[in-house]
Amino acid sequence: MGAYLSEPNLVKTSEEGKTERFTFGVSSMQGWRLAQEDSHNCIEELDENTSLFGVYDGHGGAEVAQYCSQHLPEFIKQNKSYKEGDVEKGLISAFLEFDKHLTEKKVITELKKMAGLEDPEEEDDEETELLNEEASMPIADLLARFGQAPSSIRSIRKKADKKDLLSPMIRKTQPRFPSNGSNEPDIEEESEEKEGEKNIKNDKISAKLEMDDSDVPKEQNGKGDGNVNGDVIENGDIKETEEDEETKDDSNNEVTNNEENQQTSSSSSDIKNTERRDVVLDDVDSEDDDEEEYDAEEDEEDDDDEEEEDEDEEDEEEDEEEKEVSGSNVEDYGFPGREEPGSDSGCTAVVAILRDNELVVANAGDSRCVLSRGSNALDLSLDHKPEDDEELERIVYAGGKVTEDGRVNGGLNLSRALGDHCYKQNKSLALEKQMISPLPDIRKVTLQAEDSFFILACDGIWNVLSSQEVVDFVSERLNQDHPEGGTWTLTAIIEELFDACLAPDTSGDGTGCDNMTCIIVQLNHDNTVTIASKKRKVSESEDSDCKRVCKE
């Protein structure tokens, strides 16, 4: 069913915590999505009088969100500006440095492990190590490793010694083109190869003829290749032995009777020789036919390769035409996929730092932090969407575009995130000026007595309910008893919130089908706020105090 399950995963992972200053609850649910890609932080003591809460909504994979939850808090804590007491500047600097940190080789390797992907370089190292080990092993040990008995070495050597049998095989398996990678055959090598083949054929014919003629009596003319009938050859003439002289007379008497037989045998031997030559030539011709058939098969394979190359070139031309039509630089920026974690995957990040009675929120993406002040929703973050004027201007300036459905280059439907470095390839621009920017939006507020709780959640909640609707949902339950008795816990409220936001099916536009993660932090005013408690509504002036501290 595309990017969704056939049935939603309703399992909720929840936990709670409590200090003198606050009580918190957090829960996550996978929902209709194929996997849970969210992650979060609830750190009660980041340092003295400081706590950190964060929600990381992953896309293209869960690895970047998981890496953020494991390392971003410490990255913030070790930032120079943060150490000097400037929390706002420290958050900005930490977000930018952390996003650059995601491009380091060791981090990419760790992200691949989180994503369950093998590192090709590690595979190459293991293969090289194995080859080096096998190269230094004795041949008997190497054969034993692959289940071969050492005695098989002798059989291999015997086969290798039969050059007449191996040479045709070797000749057929040699490449038709030179090893220099060119597509044209080496004329000199080809001519030498053909000449060698002719010599092999002639040698075969001669060898077979000589072998076949060995049974036929040679003419005693002194021109034979060796000893004939016991005669001794000297200077090309046949020297008769003493035994021959004694039997010469007897043999002369039989000459007349044997002449007819010799003529008959000579004629028959000529016939046999002719037949044998025909057989040998037929064998050679059959070998030529086999080689021609083999060359024809290679030519067909070459033709198929040329056709495949032509098709590949046509596909590349079509891709170039599509890029020109779409106006997006696909080669430079690409589209999200699963090719490399951190490049084709990322996450939004909303982080709240609670220090004494001040709350500082950093946000990059469309997750959100909302404060309940006097039961009114006060947004402490700004959703970053590509169609917003400020975001659209940056995207276009960086070389991208926003499609009609509100996506950057047809991919992400948000404009700020950590990771997603395939969208951050414009070498002439700083990191925060890229199409997808890691620059966080910062808002700071001094907590007051009427501030009862604040919420951090991913867009799986905010796409279904508004900030005020979520505040009302939580406030209503905090002010009444649970139907099963007792008071509502924060995790019970969040779990019911998930059920309320979950879509009944996936037939709609995707609303209510996303992963869901939510944190609620309920404040203890006695230990957090020093001013007198007084209920009142949020005025416009107070709301303006929570606007962005830094836009750059």
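Data table
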item: Net charge of neighbours whose Cβ lies under 12 Å from the Cβ of ARG21, counting Lys and Arg as +1 and Asp and Glu as -1; result: -3
item: Members of LYS12/LYS80; LYS106/LYS401; LYS18/LYS100; LYS18/LYS105; LYS424/LYS444; LYS12/LYS105 lying beyond 30 Å, as alpha-carbon distances in this model show; result: LYS12/LYS80; LYS106/LYS401; LYS18/LYS100; LYS18/LYS105; LYS12/LYS105
item: Contour excess over end-to-end distance, with Cα ends at ALA500 and GLN70 and 0.36 nm allotted per residue; result: 151.8 nm
item: Options LEU96, LEU10, PHE24, ranked by Cα towards positive dipole end of segment 1-127, top entry (Cβ charges); result: PHE24
item: Two-site label geometry, HIS482 and SER6: point separation in nm, points 7 Å out along Cα→Cβ; result: 3.5
item: Efficiency of FRET between GLN468 and GLU48 - r from beta-carbon atoms, R0 30 angstrom, step 0.05; result: 0.30
item: Gain in span if fully extended, VAL396 to GLU20, counting 0.36 nm per residue against the direct Cα distance; result: 130.5 nm
item: Linear extension gain, LYS433 paired with THR13, 0.36 nm per residue minus alpha-carbon span; result: 147.5 nm
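No lab work stands behind these numbers, since they all come straight from the coordinates. Predicted, not measured: the structure shown is a model, and the values here were computed from it. Ideal geometry is used to build each Cβ from the backbone, glycine not excepted, and the neighbour counts take in all protein chains shown.
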